[in-house]
Each structure stands twice: as structure tokens, then as C-alpha cells.
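First comes the structure, then the notes that go with it.
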Amino acid sequence: MPTIRLLPSHVVDRIAAGEVVERPAAAIKELVENALDAGATRISVSLHEGGIRRIEVTDDGCGMSAAELPVAIQRHATSKLDEAADLVHITTLGFRGEALPSIGAAARLAITSRPAGADSAYTIRVEGGLVSEVEPAAGQIGTRIIVSDLFFATPARRAFLRSPRVEADHAEAVIRRLALAAPETAFRLEHDGRLIFDLPTADRRARLAALLSADEAETLLVVEAERDDVRLSGFAGAAATHRATGAAQYLVVNGRPVVDPLLKTALRVAYQEVMPRGRFPVAGLWLDLPHRAVDVNVHPAKTELRFRDGERIRGLLISALRSALSRPAALQFQPRAAIRGYGRAVNAYARPDAIPAPAYPGPAYHGPAASGWDAPPGDVATLDFPEPLAPRAMMLAEAQLPLAGAPFARTLPAAPPQPAEPGHPLGAAVAQVLDTYIIAVAEDGTLILVDQHAAHERLTHEALREQVIGTDGPRPQPMLLPIVVDLPAGDAARLAEAAPDLLQLGLEIEPFGPGAVMVRAMPAVLGTADPAPLLRDIAEELAEMEESTALSQKLDAVLARMACHGSIRAGRRMNAAEMNAMLRQMEQVPRAATCSHGRPTFLKLSKAEIETLFGRRGI
């Protein structure tokens, strides 16, 4: 029978290190939080190989004396707590006293620090738990911490780290959240000698704008609400501003950046009536409440919380966001990319009175017995911009679509409904409801309701997929003038790395400086879709994928994003010929029952089901 015994201290330290430091981003989070707690006004972070090889964090905080350095690397040594009662009134980011000893047990750690008034700095080193003597060193007021060869003492743990790029992405996300939580502190981040960002001190709005794209920053709405002793403030994007992931949702509670599920859910619920499913709003929100009303000591990384009255917090967040979205001014805050049509190139040179419509046809699936998708005769060849643009038109305006011109560009002759023909299970279109859904009636009387955006997204996806599989790839449509799209440096680098793969899909891009890419061609099947939101979504899609994801899966995910951006939107009016052309196409493509994101494209109600709904069955 095994005997119960105490583990050696170095084994205990390495077990604890695994709980606190799971990857470079976790170590960086702990070190930057310590710098903020020390009152730093400027923090600089430098990474090599995603932080696996080296992490350097420098701050101008209060520093540590020579006598404090050996104490700081001992477990549960901290200046932030005195007694157990303080655990219910935590006002600092760190408080457990585990970060430095945990990092020292898993890596090579060097701390150089100098408090104000000291004649010189002092340094101490820890390698795999072995501590050196404190020695004098050169250094400015503040602290510099260098972490080298993370997990060198535990090779098995190091084997589970991802590639340097993936680890760097995680580290950047952590620093961005901390930077938003402390806008009064300047932040600088470098990776392998390349500057990622250098943020000066700023107010909250300016700091959030610096972390978002220029288009997203333009749409920010002020969010203010207060209920009893709970105060919510910050900014949220308008309903037309959204992303493919929740990476741009920044939540701060009592100065602590969090990714709490309760707050994330409240954010999603607040936008669910005004935003497409599967899309995520952008926001930077600060929640301040009494420290006794929230427990921050419930998660190893301190990123999730437990609220004493979670429902009250959730209700406050939802009501404040809905109030901001319902203001009339919210209709005016639209991203420039949503209304500028051809992007920066048009604005930079001249804005003609009319933009020629694309000469190429819309997407068509060329499988067996596929019919073409020709626009009805009489379409005009120009797209006029009406002045002034009404708020609703601004919300729904979009570039020229392959099916036909935008609603305000022409007047379509009324066409009588066509009878359902034999062999067409989706029947004939009889009406369009809410400018979003097509109502059709099949030959047997079945009522069919079609989501036009979801359906066209599937058609576009299959057209792109067929071109990739059956030919040399989608035909690229060269831009009249190349368009430069500004992106975060990490996204730009990720897209540049994937450029050869994207070229197979008809999307031709090239690097244009550290934080931008130049678009030279778009897939012709997408029409005149604005490349900026498409590239942002593709970058986020690539960031979400694992390094081991097969190329075919990556390309298919990108195709899905392209299909979404190249499809007609809810709010787009269609005539009878266009609706019936869509129904015929749906009958011929594979996987037509769902869009690229898995949502249904159509619903069927048989005669029996309709009679059951009205209580007529059995009469």
C-alpha cells in the first residue's frame, strides 16, 4: 500500500508553476499586473519567439529594494494583503504572491529593480527554483524583469506550447486588455524586434479607438448607466459594426480586465435583435462596484468573477447597451466602409456621379442542369448616389450586387407571380416579406419561407468551392485602383503569411507596411464587396484556427467568409425574376438547406402543418 508523504519543495513549486504559468501570455499577464500595481506610468514588453525564448518587461514603477528582492521570489510573499479580511476587499490586480516564484520555478528569471532614492539598482536571478545572491547592477528607477527559456526545467510542459506566432497572438491579446484597463499608463509591445504598438497615455475613448480599426472607432456610442452603487461607463459599436469573433470585446471590472461569461452573455443579448447571428459587437466597458460585491479570487487567472447579485449586473448592462443603441444618433454612426462603396481609392481621387456596374455575371453553380443567373432586361448600368441619404438607406446601403442594382438605382416593372412548375420542389415566389424573406408556394401547396441572405450565401459558397476544386480557382477581378486596408500589425502579418493560399481563392494581397495590406484583386464572384471587413474577418478566422488545421479546412473557412461578404443582405429588395432564379439555383446546389454557418436557408410548411397551426385538423 502506498505511503502518504509530503512532496519535496521543488516539486511543489513546479506543480504550482503549472497552475499559474500555462503559457508565455500567462507569465506576461502576471508581470504587467505587478507593474501596474507598482504605479507604473509606462510599461514596455519585448518578446522573442512568442515569449518562449525571452520575455522582457520594463516599468517605471516604485521598484524594490535590495532587501525586498529575495522575499519577492518566495511563495505567498506580497505587499498587497495583510490579513484574511483583505480578501473580500481586493483593490489590486495581483494579491496571491505566486507569480514570481512560479515563473522562477519554470524558467530562468532575472529581476533588476531600483526604488526612488536608492543609489543603484540590485538584481537577483532564479533558474529552475535555484536562487542567486542579490548583486548591485545598473538600472533606472523601476523594475526590469527578464524571463528566458520558459519551461526549460519541465521539457514535457514545453512540448505543449504552440508555435511562436500563436503564443505571440495570445500575449498581444492579454496586453491589449490590460492596456485598455489602464489608459493612464503608456504601453509598448515589440515582438522579434518589430514594433506591434506604442500607446501613449490617453483617455478611455482614445485608448479604445487605438485598439480598434479606424472604421470601428468612428461608430462608438457612449454607454452610461448607474444603479444604486453600481456604475457602468464606456463605449460600444453601433449595430452595423461587428466582427467574426469576440476579440474586440474589452470588459473591465474595478480596473481589472476580465473575460467573464456573465458579462459576455449580457453583451450578446443586448445586441441579439440588431445584429446577425454569429457576429460579435465591439465594445470597451468599465464596470465599477463595491469590492465587497464581487469575488475576484475564483479563477486561477483572475479573469472570471463571481458577483453577489449577478442578475442586477446583467440587467444593468443589457438595459444600458439597448438604450445606447436605440438613440436616433446611433443611426448616423456607420462605418465608412459600409457606405463608401469602392473604399479608399474612390475617396482619395474623385467621386464620380455614377459608378459603372461590374460587367461580369453573378455567382452561378455550374453543376448538372444548372441555369444561368442573368439579370432581367432593362437594368440600368449605373448606380447613382441619392442626396441626402436617409438613415434607413444608410443602414442598408450596399455595393452593386451581382443579381441587380441597388433598390434606389432603378424602378422595376411589376411582374405577376409565376405558377409553380412540376419538378421544382421550392415552387414559385409569390412575395417578399420584410425585404428579407421570400415566400414561395410549391406545386403541392406547400408554403416555403426562404432567408435570402442565408440562401445566397450558400450559392456563393458553392460557386467559389466549385471554382477552387474544378478549375484553377475563382477568377480574380483586378481592382481599378489598389486599395490599402489598415489592420492591426498581427492581422496584417497573418494575412501576408497566408497570401499564397488566398491567391488560390482569387484574393490577391501584398504587405504594405507593418500594419496594412494592399488589395490588388478580389474574386470576381463577389462583385464589388468592400475588402476591408472581409480581410478583418479572414484574419480573425485564421487566428482562431490551430496550427495543425489542414489547408483544405482553412481554405473552406475562408470561402465561407467570402461567401458571407459577397451575398445579398437582409433589406435588399428583389423582383420576382430574381427570387425565382434564386429558388432554381437552390434546387441544384449541394447543401442548400443550410448556409455556410449552419443556419437554415428555408423552412417548409405543408398543408397538414398549416391546418394544425390553425386548429383545422380533424374538422
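Odds and ends about this structure:
- Residue ID - most open to solvent (accessible area, probe 1.4 Å), chosen from residues in the range 261-278 that are among the charged types (D, E, K, R) and over 19 Å from Leu211 (Cβ atoms): Arg277
- Count of the range 80-127 residues which are polar (S, T, N, Q), crowded, with 19+ Cβ neighbours inside 10 Å and at pLDDT 90 or above: 3
- Positions within the range 430-450 being part of a loop (DSSP other than H, G, I, E, B) and either under 28 Å from Val274 (Cβ atoms) or of a type in the set (A, V, I, L, M, F, W, C) (or both), in sequence order: Leu434, Asp435, Thr436, Ala442
- Val45 vs. criteria farther than 18 Å from Val259 by Cβ, crowded, with 23+ Cβ neighbours inside 10 Å and within 27 Å of the chain's Cα centre (by Cα): yes
- Which listed residue is open to solvent by less than 20 Å² (accessible area, probe 1.4 Å), charged (D, E, K, R) and over 21 Å from Leu47 (Cα atoms), from Arg231, Arg207: Arg207
- When Ala171, Ala210 are checked against the criterion of being in contact (Cβ under 8 Å) with a residue 40 or more places away in the chain and under 29 Å from Ile52 (Cβ atoms), a single residue qualifies: Ala171.
- Residue within the range 181-202 that is without any contact (Cβ under 8 Å) to a residue 24 or more places away in the chain, open to solvent by less than 20 Å² (accessible area, probe 1.4 Å) and either of a type in the set (Lys, Arg) or under 18 Å from Ala248 (Cα atoms) (or both) present: yes
- Criterion: over 30 Å from Ser9 (Cβ atoms) and modelled with pLDDT of 95 or more - qualifying residue of Pro164, Pro183: Pro183
- Every residue from the range 43-61 that is among the hydrophobic types (A, V, I, L, M, F, W, C) and out of contact with any strand residue (DSSP E or B) (no Cβ under 8 Å at 6 or more places or on another chain): Ile52
- Qualifying residue in the range 156-166 (condition: of a type in the set (D, E, K, R) and in contact with a Phe, Trp or Tyr (Cβ under 6 Å, 6 or more places away or on another chain)): yes
- Residue within the range 144-162 that is in contact (Cβ under 8 Å) with a residue 60 or more places away in the chain and small (Gly, Ala, Ser) present: yes
- Filtered residues of the range 297-329 (kept if at pLDDT below 85 and surrounded by fewer than 21 Cβ atoms within 10 Å (Cβ to Cβ)): Asn297, Val298, His299, Pro300, Ala301, Lys302, Thr303, Glu304, Ser326, Arg327, Pro328, Ala329
- Restricting the first member to the range 53-79 and to residues that are closer than 17 Å to Val131 by Cα, and the second to residues that are open to solvent by 70 Å² or more (accessible area, probe 1.4 Å) and aliphatic (A, V, I, L, M), the beta-carbon pairs closer than 6 Å and six or more apart or on different chains are Ala77/Val71.
- When the range 279-295 is filtered for residues that are open to solvent by 20 Å² or more (accessible area, probe 1.4 Å) and either closer than 30 Å to Ala244 by Cβ or among the charged types (D, E, K, R) (or both), the ones remaining, listed by number, are Arg279, Phe280, Asp288, Arg292, Asp295.
The values are calculated or read from the model by the stated rules, or taken from the named source; none is laboratory data. Since we're looking at a predicted model, the values are computed, not measured. Please note: Cβ atoms are built from the backbone with ideal geometry, for glycine as well, and neighbour counts cover all protein chains shown. The protein model used for the area step is the full one, side chains on, heavy atoms only, and it has no ligands, DNA or RNA in it. Shrake-Rupley method; radii C 1.70, N 1.55, O 1.52, S 1.80 Å.
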